[in-house]
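The values are calculated or read from the model by the stated rules, or taken from the named source; none is laboratory data. No experiment lies behind these values; they were computed from the predicted model shown. FYI the Cβ positions are ideal-geometry reconstructions off the backbone, even for glycines, and counts take in every protein chain you see. Heavy atoms of the whole protein, side chains included, go into the accessibility calculation; ligands, DNA and RNA do not. Shrake-Rupley method; radii C 1.70, N 1.55, O 1.52, S 1.80 Å.
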Amino acid sequence: MASLLSNSVNADVVDLAATKLTHFNTNDIKTNDKDDDDFRTYDQETTPERVVEHYKLMRSKQTVSFYDRMAEKYHFDPTTGEGRRQMTIEEAFVELESYVDASDPDLDLPNKIHLLQTAEGIRKAGHPEWLQLTGLLHDMGKIMFLWGTGEDGQDGHDPKGHQWALGGDTFVVGCQIPSEAVVFPEFNDLNPDMHDSRYNSKFGCYTAHCGLDSLKMAWGHDEYMYRMLVANKCLIPKEGLDMIRYHSCYPWHDKGAYKHLTTEEDEETLEWVKLFNQFDLYTKDEDNVIEVEELWGYYVGLIDKYGLGGKLWW
């Protein structure tokens with residue numbers, strides 16, 4: 001899947017030199033006393049049943065053909081950007097108020113709170129405004145539940161609804177699923193593409209070092225939100241858009257998988273995503289109090305500054 005980005009960076013608005021690819025001590029970011037090893041713990045003995053079922057369905061249904069079907073369903077007109085519905089960012093947050101991620105083993109937390117926690121962690125660390133806004137927007141692609149169905153893994157209306165195409169760790173479809181890098185590898189064999197000679201080899205339908213932007217990830221909120229922001233001609237730089245597009249691909253950015261498919265240029269993208277991921281993961285905390293009303297005005301300013309004010313296509 002090639003990059004859809006053309007020229008979304010306005011050099012007068014962003015200063016990439018202001019952000020260093022520095023990894024903080026996680027204790028400087030975390031808002032609770034949990035050890036690093038206590039985050040993202042996945043096993044069938046201790047992980048909530050709903051999370052295990054989520055990944056079982058995700059692994060068995062996320063295929064190349066499913067990706068292609070969702071890419072068509074959630075198409076944005078390349079000229080006008082037209083999608084399914086027009087909403088402001090704030091109106092979209094209202095729609096997301098009732099949505100809770102069924103794939104998260106750490107806690108149940110409203111999306112707006114988690115997103116503000118991420119953005120505020122980035123702001124307090126002194127990172128620039130575009131990166132703060134990236135934190136605020138990164139999970140908003142779960143708005144797909146408005147047009148989704150349980151059959152397609154996009155039911156956000158029912159607390160027990162299937163959400164395997166909305167959230168959760170993604171992986172590359174169209175090639176061998178790396179058992180050493182995914183959670184619940186015991187479910188890999190359930191994937192139909194793993195019994196299709198076009199897709200079940202190391203390279204599958206790809207060529208060596210074809211590049212990250214040429215890969216199809218399991219469809220979810222990441223890819224949708226990337227496409228939505230590009231369609232609406234936002235001014236967040238490519239580094240921020242890549243964080244949004246690839247932050248759920250833990251097999252790649254956390255476990256080092258797919259190096260036979262990525263390029264040297266993708267190594268810098270990897271560092272950006274790792275930087276972002278620290279804030280996404282370690283600020284997610286029920287005790288990390290966020291005063292939404294006090295903060296929202298500041299972020300409205302960023303939304304406007306980066307070309308996302310007013311009605312947008314979703």
- Query: Taking the C-alpha atoms of the stretch 111-185, how large are the radius of gyration and the largest Cα-Cα span, Dmax, in Å?
  - Reply: 15.7, 43
- Query: Do the alpha carbons of any pairs in Lys112/Lys311; Lys56/Lys284; Lys124/Lys160; Lys73/Lys259; Lys238/Lys259; Lys56/Lys238 sit beyond 27 Å of each other, and which pairs?
  - Reply: Lys124/Lys160; Lys73/Lys259; Lys56/Lys238
- So, with a 1.4 angstrom probe, what is the percent of accessible area on the stretch 227-314 that is carbon and sulfur? 47
- Accessible area per residue in Å² at 1.4 Å probe, computed on the stretch 175-227: 42
- Task: For the stretch 196-314, count the residues as N, evaluate 2.2 N^0.38 Å, and divide the Cα radius of gyration by that value, please.
- Result: 1.27
- At Lys274 and Arg69, where each label point lies 7 Å from the Cα along Cα→Cβ, what is the point-to-point distance in nanometres? 3.7
- Alpha carbon centroid spacing (whole Å) that separates the stretch 161-190 from the stretch 128-155: 19
- Query: Which whole-number value in Å² is the accessible area per residue of the stretch 231-303, probe 1.4 Å?
  - Reply: 39
